[in-house]
């Protein structure tokens with residue numbers, strides 16, 4: 001298989017909820033008027049805590065300077081595993097569990113932190129730019145390494161950054177973070193970019209104004225229902241992650257859906273903000289799923305991580321992590337296994 005190193009230099013930032021209005025003009029331009037910008041990589045994810053934006057340097061220029069925007073102290077590069085050739089965004093989805101043992105685990109073993117973005121089309125592994133030489137050295141035995149330079153794909157070894165490194169001592173996995181699971185089910189979908197104008201008003205409402213659709217404290221409100229919405233526009237391809245109630249607001253035949261109408265269950269990772277320096281968090285989640293051959297999407301955000309696993313396989317997640325430390329298993333059991341409707 002091929003590992004493509006995309007040419008985008010990326011920023012990862014957090015926009016506080018009260019700061020979304022001052023950023024709305026730039027975000028709308030990036031999402032709906034991409035032809036008016038030079039941005040090629042844009043992703044916006046809303047969680048209960050904040051908005052996480054992943055954007056290339058050209059797109060970052062569209063955002064205002066504000067104390068309500070926090071930027072991770074690094075430049076990130078996106079890696080993409082491509083099976084059988086093709087470009088990163090049009091390739092057949094691999095799935096984070098399919099690359100857990102070949103990419104995620106080796107990087108964790110070599111103390112390289114990753115930031116994940118799964119989309120409808122594919123999975124992007126973000127690494128710090130300064131870590132790229134060690135990333136390439138770590139993965140060169142498993143993959144054909146290619147890098148995109150000025151739109152052309154070239155052999156990465158021609159850049160002279162994959163040789164001369166001593167294999168480091170493997171580091172232990174970090175302590176497992178607590179898990180929780182919201183009650184709402186999620187769709188991972190897409191739409192034809194040509195139809196984007198027809199649903200732009202609806203999408204803007206969902207992205208910027210619908211946080212109150214589940215009013216906090218409302219009578220009969222399910223307290224475990226969370227706000228989560230992700231929109232990505234990467235090299236012309238759109239990806240959407242939303243709960244099933246939000247998906248029902250869209251007109252028929254606009255969203256790409258499977259014949260089975262697949263729904264995905266979310267597991268949120270972290271009791272406190274995770275930060276960017278700890279290694280092995282994605283591996284701790286993806287390796288057990290890979291062992292059980294359970295497909296999953298994985299979306300990192302500025303404060304927490306999120307794994308999406310098919311609803312019919314969800315019970316097997318608990319079985320697959322039995323070998324992990326008891327505090328994670330106990331937390332998982334307390335939040336999910338007793339909910340018999342998912343068994």
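Only the coordinates and a few stated rules stand behind these numbers; no lab work does. Since we're looking at a predicted model, the values are computed, not measured. Heads up, the Cβs are rebuilt from the backbone with ideal geometry, glycines too, and the neighbour counts pull from every protein chain shown.
Multiplying the residue separation of residue 21 and residue 292 by 0.36 nm and removing their Cα-Cα distance gives an extension gain of 93.2 nm. Relative to its residue count, region 226-315 spans a Cα convex hull of 140 Å³ per residue. Footprinting exposure proxy ranking of 136, 1, fewest other C-beta atoms within 10 angstrom first, gives 1, 136. With no solvent and one equal point scatterer placed on each C-alpha of region 1-152, evaluate the Debye formula and give log10 I(q)/I(0) for q = 0.08, 0.19 Å⁻¹, two decimals. Result of the Debye calculation: -0.24, -1.20.
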